[in-house]
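A short write-up of the structure that comes next.
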Amino acid sequence: MAEAVTLEAFAPEHFAALIGWFGSDADLVQWAGPTLLFPLDAAQCAAMLAETEGLAPQRLIWMAKAGDGTIVGHAQLALDWRNGVGRPARIGIAPEMRGRGFGFSMMAAVVEHAFSLEGMERLELNVYTFNTAAIRTYEKLGFVHEGVRRACARVGDERWDMAMMGVLKSEYRPMSTGVS
């Protein structure tokens, strides 16, 4: 069973840890898509944090912590309040914590939180097709493949394909993960 995590609101004291996870432009694009610039810096983190403000925030952002308080991951949930659609995004596990089940626990917590929000009926996400570990995690949580955007991201001399996946609230069955 995956180790349980807790989600803690993203704050300025988390910026340095997050910034240290991305050693190349390709690493940053794989995590954030083409919208952030390498190297990730405090100004870009502050701009992300600004999206969490207000009564109807554009985004919820968390750092995930293991039971001993160690930061193990980062997750964001973009919110389309009008249509009741949440978009898990910028999902990342600290490099030294990968392969230990934290991705599943963190995503289970994000999905549970998203579907607890008033009016949220659908979650959808994009994932690069070569990221098979993430795809397996999303499938375990009930996400289904809805299509592929071919060659949609340019990273250096390469073009990457992106899979689109989604899950409806009516289809989702909460996992017994022990996630808090």
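The values are calculated or read from the model by the stated rules, or taken from the named source; none is laboratory data. Given the structure is predicted, the values throughout are model-derived calculations rather than measurements. With ideal geometry, Cβ positions are generated from the backbone for all residues, glycine too; neighbour counts draw on all protein chains shown.
Results for (1) in contact with a Phe, Trp or Tyr (Cβ under 9 Å, 6 or more places away or on another chain); (2) among the hydroxyl-bearing types (Ser, Thr, Tyr), shown as yes or no for each residue.
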{"position": "GLY99", "(1), (2)": "no, no"}
{"position": "PHE102", "(1), (2)": "no, no"}
{"position": "SER105", "(1), (2)": "no, yes"}
{"position": "GLU124", "(1), (2)": "yes, no"}
{"position": "THR129", "(1), (2)": "yes, yes"}
{"position": "THR137", "(1), (2)": "yes, yes"}
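When PHE10, PHE22 are checked against the criterion of being among the aromatic types (Phe, Trp, Tyr) and out of contact with any strand residue (DSSP E or B) (no Cβ under 7 Å at 6 or more places or on another chain), a single residue qualifies: PHE22. Check the stretch 81-102 and report whether any residue there is among the acidic types (Asp, Glu) and surrounded by 14 or more Cβ atoms within 10 Å (Cβ to Cβ). There is no residue in the stretch 81-102 that is among the acidic types (Asp, Glu) and surrounded by 14 or more Cβ atoms within 10 Å (Cβ to Cβ).
Among the residues of the stretch 53-68, at least one is touching a strand residue (DSSP E or B) at 6+ places or on another chain (Cβ under 7 Å) and farther than 17 Å from ILE91 by Cα. Selection of first residues in the stretch 150-171 that are β-branched (Val, Ile, Thr) and of second residues that are outside any strand (DSSP E or B), restricted to Cβ pairs under 6 Å at least 6 apart or on distinct chains, gives the following pairs, ordered by first then second residue: VAL155/ALA26; VAL155/VAL29; VAL167/GLY142; VAL167/PHE143.
Residues in the stretch 21-70 that are under 22 Å from VAL5 (Cα atoms) and either of a type in the set (S, T, N, Q) or free of Cβ contacts under 8 Å to residues at least 12 places away in the same chain (or both): THR52, ASP68, GLY69, THR70. Inspection of the stretch 97-110 finds a residue satisfying the criterion of being over 23 Å from ALA163 (Cα atoms) and among the hydrophobic types (A, V, I, L, M, F, W, C). Please determine whether any residue of the stretch 1-18 is among the aromatic types (Phe, Trp, Tyr), out of contact with any Phe, Trp or Tyr (no Cβ under 7 Å at 6 or more places or on another chain) and under 30 Å from GLY156 (Cα atoms). Within the stretch 1-18, one or more residues are among the aromatic types (Phe, Trp, Tyr), out of contact with any Phe, Trp or Tyr (no Cβ under 7 Å at 6 or more places or on another chain) and under 30 Å from GLY156 (Cα atoms). The C-beta contact set for the stretch 5-17 (first residue of a type in the set (Ser, Thr, Tyr), second residue surrounded by 16 or more Cβ atoms within 10 Å (Cβ to Cβ), distance under 8 angstrom, 6+ apart or interchain) comprises THR6/ALA64; THR6/LYS65; THR6/ALA109.
Of all the helices (runs of 4 or more DSSP H) wholly in the stretch 1-75, which have at least 2 residues that are on the phi < 0 side of the Ramachandran plot, of a type outside the set (Asp, Glu) and within 15 Å of the chain's Cα centre (by Cα)? Before the answer, list the steps.
Values: elements: 15-19, 25-32, 42-50.
Once the helices (runs of 4 or more DSSP H) in the stretch 1-75 are filtered for at least 2 residues that are on the phi < 0 side of the Ramachandran plot, of a type outside the set (Asp, Glu) and within 15 Å of the chain's Cα centre (by Cα), what remains is 25-32, 42-50.
On the given criteria, is ARG82 farther than 26 Å from ARG154 by Cα and modelled with pLDDT under 95? Here the answer is no, as ARG82 does not meet what is asked. Listed by first and then second residue, the pairs with beta-carbon distance under 8 Å, at least 6 apart or on different chains, first residue in the stretch 100-113 and in contact (Cβ under 8 Å) with a residue 12 or more places away in the chain and in a loop (DSSP other than H, G, I, E, B), second among the charged types (D, E, K, R) and surrounded by fewer than 22 Cβ atoms within 10 Å (Cβ to Cβ), are ARG100/GLU3; GLY101/GLU3.
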